[in-house]
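Here's the structure, in structure tokens; my notes come after.
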Amino acid sequence: MSGREAKSNAEKGVTLIELMVVLAIIAIMGLFMTPSIGEWVQNYRIKQAARNMASDLQSAKMQAINIHKYCTVSFNANGYVIFPDYDNDMQLDTGSETTDIYKTVVFSTEYKTVTFDTSQTGNGIDFTNNMVAFDSRGLPRNNAGGFEDGHVYLINTKNNKARRVDVSPAGAISIAEYP
């Protein structure tokens, strides 16, 4: 074997020192990324909660159009309930309505650190009687039968990031960030 062949065979491997340097660089990068990953998770929670609420409101609107009856979203201190409202009174009645609940959302279970922002409108919800119903045309209504518009304020208690879910009188549903 010539010296040239021996040299090319020796250069094919990675030394232990080179491997340790690469692992040290990865470990240092990991230390700097850990805080930003935690922040990203907290931002994700509030964004996801707002997106899911907007999606649920849109779904309630579509259900109302589909069944030609009100579909009500009733907010409470822990989350909200979506149900068909066969008698258009915006109340969850016993009997057939209680078996037809479309969805129940409890923030502490689904989003952990996300809750209603009680610094806004007292309880974070500014719909009349903390509920909104969509009629058979997809328009938001209040319990007096009038058109309704309103907002739901959500906040992540870990980092104070906040989102507002808006429903316009025409039934448009949107999400906005607020300070």
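Just a few scattered comments:
- Residue satisfying all of: in the stretch 82-114; of a type in the set (D, E) and more than 20 Å from I46 (Cβ to Cβ); modelled with the highest pLDDT among these: D85
- Taken over the stretch 139-160, the residue count meeting the criterion of being outside any loop (DSSP other than H, G, I, E, B) and of a type in the set (K, R) is 1.
- If you check A176, A170, A64 for being aliphatic (A, V, I, L, M), more than 21 Å from K47 (Cβ to Cβ) and not in a loop (DSSP other than H, G, I, E, B), only one passes: A64.
- Failed condition for C71, given (1) part of a helix (DSSP H, G or I); (2) modelled with pLDDT of 90 or more: (1)
- Every residue from the stretch 139-168 that is more than 17 Å from I65 (Cβ to Cβ), in contact with a strand residue (DSSP E or B) (Cβ under 8 Å, 6 or more places away or on another chain) and loosely packed, with under 15 Cβ neighbours inside 10 Å: T157
- Residue match in the stretch 115-122 (condition: in contact with a helix residue (DSSP H, G or I) (Cβ under 8 Å, 6 or more places away or on another chain), among the β-branched types (V, I, T) and either more than 20 Å from K61 (Cα to Cα) or exposed (fewer than 15 other Cβ atoms within 10 Å of the Cβ) (or both)): yes
- You will find that of S119, S136, the residue that is closer than 30 Å to Y44 by Cβ, assigned to a loop (DSSP other than H, G, I, E, B), modelled with pLDDT of 90 or more and out of contact with any strand residue (DSSP E or B) (no Cβ under 7 Å at 6 or more places or on another chain) is S119 and no other.
The values are calculated or read from the model by the stated rules, or taken from the named source; none is laboratory data. These numbers come from a predicted model, not from an experiment. Every residue, glycine among them, receives a Cβ derived from its backbone with ideal geometry; neighbour counts consider all protein chains shown.
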